[in-house]
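The values are calculated or read from the model by the stated rules, or taken from the named source; none is laboratory data. Just so we're clear, the structure is a prediction, and the values are computed from it rather than from any experiment. No Cβ is skipped: glycine too gets one built from the backbone with ideal geometry, and neighbour counts run over all protein chains shown. Areas reflect the complete protein model, heavy atoms only, side chains present, ligands, DNA and RNA absent. Shrake-Rupley method; radii C 1.70, N 1.55, O 1.52, S 1.80 Å.
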Amino acid sequence: GPGHGHWNYSDQIAWASDFHDCGGESQSPINIQLSETVYDPSLGPFVLTGFDVPEDEKLKLKNNGHTVVLDLPDTLLINGGLPQEYRAAQLHFHWGSHANPGSEHTVDGQRYSGEIHVVHYSTEFSNIREAMTKPGGLAVLAAFIQAGSEENPTYQHLLQYLPQVSKEGQDMEVPGFNIGGLLPGQMDRYYRYNGSLTTPPCFQSVNWTIFNDTIKLSEQQISILEDTLLGDDDEILQLNFRDAQNMHGRVILANFR
Ligand SMILES: NS(=O)(=O)c1c(F)c(F)c(SCCc2ccc(C(=O)O)cc2)c(F)c1NC1CCCCCCC1
Ligand SMILES: [Zn+2]
């Protein structure tokens, strides 16, 4: 609509003047202050189905100028761990620069190298555009990316193609692979809170899950993520994370002590 001008990460305060919900009281990301989390054993294990996508299925990988997005087929479902069934729509990443980490969520003020978001919408809606404006319409599974000693073979299925989508707007088809392998090895322990999209239009419709276990990439793989993609005006795309938002009384649940 009018005034829905372009936004960037350097002037995040301006978002609320163009996108009303960005100034709301249930915004993301947040800092997870461990001493303030509340134990909730009713948050059960996740059941993923359809996450091992056959390689003859082609998935669109796109640099949209703000992140790199992998569109997912509509056969990936999550049950358990959430109030209802959700269908995967896309996944994307947030990262920093060589000198600075770039996760969106932080833990006791610690920022990780990067963060993956797997975005789902409730199957009570027929598509994500309908779901994204409704409370609980979206569920994002988030996990932190850290440097480890080994190359992560599953991440190579995506990282190897980044040079071919280095420019804003570029996209390509990549062969399917085990999308579940992009998530942490252990998915039993996680944090849960109600928040928003971390990008304009900042709709407050997201049921957030942040896994306790992290994803390990080699230093070289993290550098590919940090140093390959270009955004507006062919500027390097780095530090694409929003600042931590006020909790406004919200509680963060943890399904483990
Ligand atoms: N962390 S997050 O989930 O809020 C998020 C971000 F932080 C994001 F930064 C993004 S990318 C910015 C939004 C965008 C811009 C252009 C295009 C395009 O040209 O196709 C598409 C999207 C981004 F795409 C998402 N996720 C999207 C939010 C956009 C609207 C709902 C669709 C799926 C979730
Ligand atoms: Zn995101």
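Structure above, values below:
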item: Flag for Thr75 being polar (S, T, N, Q) and either at pLDDT below 95 or open to solvent by less than 20 Å² (accessible area, probe 1.4 Å) (or both); result: no
item: Segments classed as strands (runs of 3 or more DSSP E), wholly inside region 143-233, with at least 2 members that are among the aliphatic types (A, V, I, L, M) and modelled with pLDDT of 95 or more; result: 171-175, 206-211, 215-217
item: Conditions (1) of a type outside the set (Lys, Arg); (2) within 14 Å of ligand 1 (Cβ to nearest atom); (3) open to solvent by 50 Å² or more (accessible area, probe 1.4 Å); (4) free of Cβ contacts under 8 Å to residues at least 12 places away in the same chain; number of the one not met by Gln170; result: (4)
item: Some residue of region 58-72 being within 14 Å of ligand 1 (Cβ to nearest atom), under 19 Å from Ala139 (Cβ atoms) and in contact with a Gly (Cβ under 7 Å, 6 or more places away or on another chain); result: no
item: Among the candidates Trp7, Trp15, residue that is at pLDDT 95 or above and more than 17 Å from the chain's Cα centre (by Cα); result: Trp15
item: Odd one out for Ser205, checked against (1) open to solvent by 30 Å² or more (accessible area, probe 1.4 Å); (2) within 12 Å of ligand 1 (Cβ to nearest atom); result: (1)
item: Asp213 vs. criteria more than 21 Å from Leu138 (Cβ to Cβ) and open to solvent by 50 Å² or more (accessible area, probe 1.4 Å); result: no
